Amino acid sequence: MAVEIDGEGDAVLMIHGLGGSSNVWAPVMPTFARYKTVRPDLPGSARSARVEGPLSIERFVQAMLRAAGAAGVERAHVVAHSLGTIVAFHLAAAEPRFVRSLALFGPLLAPADTIRGGIRGRGEKARSEGEAGMQEIANALVQAATSAETKAKRPVTVALVREFLMRQPSDGYARTCDALADAQPADTSKITCPTLLVTGDEDAIAPAQAVRQIAERMPGCRLEILRGCGHWTPIEKPDECNDLLRRFYEANRR
């Protein structure tokens, strides 16, 4: 498993989503200049392509604990995006002593039942068509998962999202789709750490109303909705995300 480790100070474990990599976090790294950041590529994704067997949320949770342990981290703030937020919720519920706080972008407890079939179909396309399938997936997701503002005004962001997806190993992406399609929600009643939930007003994957419902289950949770933002929150709205993170950690210093 490829893991990037930088800095000194309080530890932060950063978990990317489906089709992402540790580079998803590059735009918000200014917030973590005085932290020790641990940024894995999930098994089956990006530079962690060499993995055997089926993938699952539980396997991702254990992989994140191994990555943290190898970095000498016993307790960490957790920052996550998309699929990574499902992993983070399960991690916080199962290992509350490990997780100091949660900052979650495009958060999901689990996919809606109505879209699980589509996620599996996307995985099958990647599995059967390889690089050609990944190109089609990338083109479709750029349109569906970024905001109108991003597509109109931020061509570099659009190109980056497309590159993230097209660089994924097709088999690993397919198995990650399987893991996401099978994901079940964590028990949020077991999560008591400070939590920040951030989504975009044009996020079709983690729509604002669904994220509000998550927040309602978690007393004291902070919810922020970014205007003109789709699902790739940290790279569509980096300045806003940095500001929210700084204020969140300042308010929860302990």
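The values are calculated or read from the model by the stated rules, or taken from the named source; none is laboratory data. Source: prediction; values computed, not measured. Methodologically, a virtual Cβ is constructed for each residue, glycine included, from the backbone with ideal geometry; neighbour enumeration extends over all protein chains shown. With ligands, DNA and RNA removed, areas are computed over all heavy atoms of the protein, side chains included. Shrake-Rupley method; radii C 1.70, N 1.55, O 1.52, S 1.80 Å.
How about segment 228-254: which of its residues are within 19 Å of the chain's Cα centre (by Cα), without any contact (Cβ under 8 Å) to a residue 60 or more places away in the chain and surrounded by fewer than 21 Cβ atoms within 10 Å (Cβ to Cβ)? Across segment 228-254, the qualifying residues are D239, E240, D243.
Within segment 108-121, residues that are open to solvent by less than 30 Å² (accessible area, probe 1.4 Å) have Cβ atoms under 8 Å from residues that are of a type in the set (S, T, Y) and outside any loop (DSSP other than H, G, I, E, B) in these pairs: L108/T85; L109/T188, counting only partners at least 6 apart in sequence or on another chain. Please go through segment 196-227 and pick out each residue that is of a type in the set (S, T, N, Q) and surrounded by fewer than 17 Cβ atoms within 10 Å (Cβ to Cβ). Within segment 196-227, Q209, Q213 qualify. Just one of the listed residues (G44, G53) is at pLDDT 95 or above, on the phi > 0 side of the Ramachandran plot and not hydrophobic (A, V, I, L, M, F, W, C), namely G44. Would you mind stating whether V3 is within 23 Å of P238 (Cα to Cα), in contact with a helix residue (DSSP H, G or I) (Cβ under 9 Å, 6 or more places away or on another chain), open to solvent by 40 Å² or more (accessible area, probe 1.4 Å) and of a type outside the set (S, T, N, Q)? Against the criterion (within 23 Å of P238 (Cα to Cα), in contact with a helix residue (DSSP H, G or I) (Cβ under 9 Å, 6 or more places away or on another chain), open to solvent by 40 Å² or more (accessible area, probe 1.4 Å) and of a type outside the set (S, T, N, Q)), V3 qualifies.
Taken over segment 152-176, the criterion of being open to solvent by less than 70 Å² (accessible area, probe 1.4 Å), part of a helix (DSSP H, G or I) and either of a type in the set (K, R) or modelled with pLDDT under 95 (or both) is satisfied by R175 alone. Taking each residue of segment 194-206 that is more than 14 Å from I86 (Cα to Cα) and looking for partners that are open to solvent by 10 Å² or more (accessible area, probe 1.4 Å) and of a type in the set (S, T, N, Q) with beta-carbon atoms closer than 6 Å, six or more apart or interchain, yields P194/N252. Please indicate, with yes or no, whether at least one residue in segment 8-21 is surrounded by fewer than 24 Cβ atoms within 10 Å (Cβ to Cβ) and under 30 Å from A144 (Cβ atoms). Checked segment 8-21: at least one residue is surrounded by fewer than 24 Cβ atoms within 10 Å (Cβ to Cβ) and under 30 Å from A144 (Cβ atoms). R97 meets each of the listed conditions (1) buried (at least 24 other Cβ atoms within 10 Å of the Cβ); (2) within 24 Å of S189 (Cα to Cα); (3) more than 18 Å from the chain's Cα centre (by Cα) apart from (1).
Reported count of residues in segment 22-57, each being open to solvent by 10 Å² or more (accessible area, probe 1.4 Å), in a helix (DSSP H, G or I) and of a type in the set (F, W, Y), is 0.
Restricting I137, I115 to residues that are aliphatic (A, V, I, L, M), in a helix (DSSP H, G or I) and either modelled with pLDDT under 95 or touching an Asp or Glu at 6+ places or on another chain (Cβ under 6 Å) (or both) narrows the list to I115.
Applying the condition of being touching a helix residue (DSSP H, G or I) at 6+ places or on another chain (Cβ under 6 Å) and in contact (Cβ under 8 Å) with a residue 40 or more places away in the chain to segment 126-136 and asking which residue is most open to solvent (accessible area, probe 1.4 Å) yields R127.
Just one of the listed residues (A80, A63) is in a helix (DSSP H, G or I), closer than 22 Å to F164 by Cα and among the aliphatic types (A, V, I, L, M), and it is A63.
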